[in-house]
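Here the structure is laid out as C-alpha cells; the discussion comes afterwards.
Read-outs throughout are calculated quantities, based only on the coordinates presented, and are distinct from any laboratory measurement. It should be emphasised that the depicted structure is a prediction, and the values quoted were computed from it without experimental measurement. Glycine also receives a Cβ, built like all others from the backbone with ideal geometry; neighbour counts cover every protein chain displayed.
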Amino acid sequence: MAKLNCAVCAHQAAHQCAACRQVAYCGQDHQRQAWKKHKKMCKILQTIQQGEPAPDQTTYCGLCGDADGPLRTTLCCGKTICADYGKYVPFSYSKDSCSRNHDRYTTCCYHFNEKHTGNWKTCKKCASAHEAEARVWYGTNAFNFMGEILPNPPSFVPHTCKRCSRTIKMNCEGIARLPNGAMLCEQCKY
Ligand SMILES: [Zn+2]
Ligand SMILES: [Zn+2]
Ligand SMILES: [Zn+2]
Ligand SMILES: [Zn+2]
Ligand SMILES: [Zn+2]
Ligand SMILES: [Zn+2]
C-alpha cells in the first residue's frame, strides 16, 4: 500500500487505523480526534475488504459513513455526502459539517470553484496554488473521499515555531507569520 499522511494534519503518519488500514495518523491525538467521523466509515471499509456486500455508495456519506441524516451529491465530484451545512456554527472554525469540509478544505472543490479544466489531481494550476504543506493537506485530508486522494503527495519540511521550536501543524492550528517569514505557533502568537 502507498505511504499515507496523517488524515488530520497531513504530517508524516506513525501508524494506520488497525481496523481498516485505509487511513493513517501521526499519533493518538489525531486518531482520537478523527474517530467520531471515521467510526462508521471504518466499518464500511472493513465490510468491503472482507468481500462482503457493501451498501450502495449513494446511501451513505462517503466521508463519515452516516446513512441516517439527509444526503446530497457534491457538485465538484458527484459523490454522496451529508447535507449538513446546518451543523456549522458561524465563526466557530468547527469541522463538523462534511459538506462544508469538502467544499472548503479540498483541492477537489477548489479546482471546481476556480473553474479549472481536467482532473484536479493532475492540475498544474492547483499544484502551484498552495505551498507544499497546504497542498498535501488539501489533497489528502479526511475531507477527501476514499480512494480519491492526491497520488504521490510531495514531501515537505514542516515549519517550526520561532519562539518555542515546536513543529507547527500549519493546517490544524492558528499561526502568525512574522514580517521576515518566520512563524509562531498557536500558543506563542499572542
Ligand atoms: Zn496528525
Ligand atoms: Zn479505520
Ligand atoms: Zn458525513
Ligand atoms: Zn469533490
Ligand atoms: Zn485545478
Ligand atoms: Zn511556539
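List of remarks:
- For Met183, Met41, Met170, order by how many other beta-carbon atoms lie within 10 Å, fewest first: Met183, Met170, Met41
- Order of Ile48, Ile149 - criterion: other Cβ atoms within 10 Å of each residue's Cβ, fewest first: Ile48, Ile149
- Unit Cα scatterers, Debye sum, the stretch 29-136: log10 I(q)/I(0) for q = 0.10, 0.13, 0.16, 0.21 Å⁻¹: -0.35, -0.59, -0.87, -1.22
- Here the Karplus curve 6.51 cos²θ - 1.76 cosθ + 1.60, taken at θ = phi - 60°, turns the phi angles of the stretch 74-84 into couplings of 5, 6, 6, 10, x, 9, 7, 8, 4, 8, 10 Hz, with x standing for Gly and Pro.
- Rounded if a/c under 1.5, otherwise prolate or oblate - the stretch 97-190, Cα gyration tensor axes: prolate
- C-alpha long axis of helix 28-49 to longest principal axis of the chain, angle in °: 30
- Which of Thr59, Thr140, Thr80 has the fewest Cβ neighbours within 10 Å, and the rest in rising order: Thr59, Thr80, Thr140
- Helical contribution to [θ] at 222 nm, DSSP H n ≥ 4, -39,500 (n - 2.57), averaged over the chain, rounded to 500: -7500 deg cm²/dmol
- Cα-based shape type of the chain, given that a ≥ b ≥ c are square roots of the gyration tensor eigenvalues and the cut on a/c is 1.5: prolate
- Candidates Ala83, Gln28, Tyr60 compared by Cα position along the dipole of the stretch 20-91: farthest toward the positive end lies Gln28, with charges placed on Cβ.
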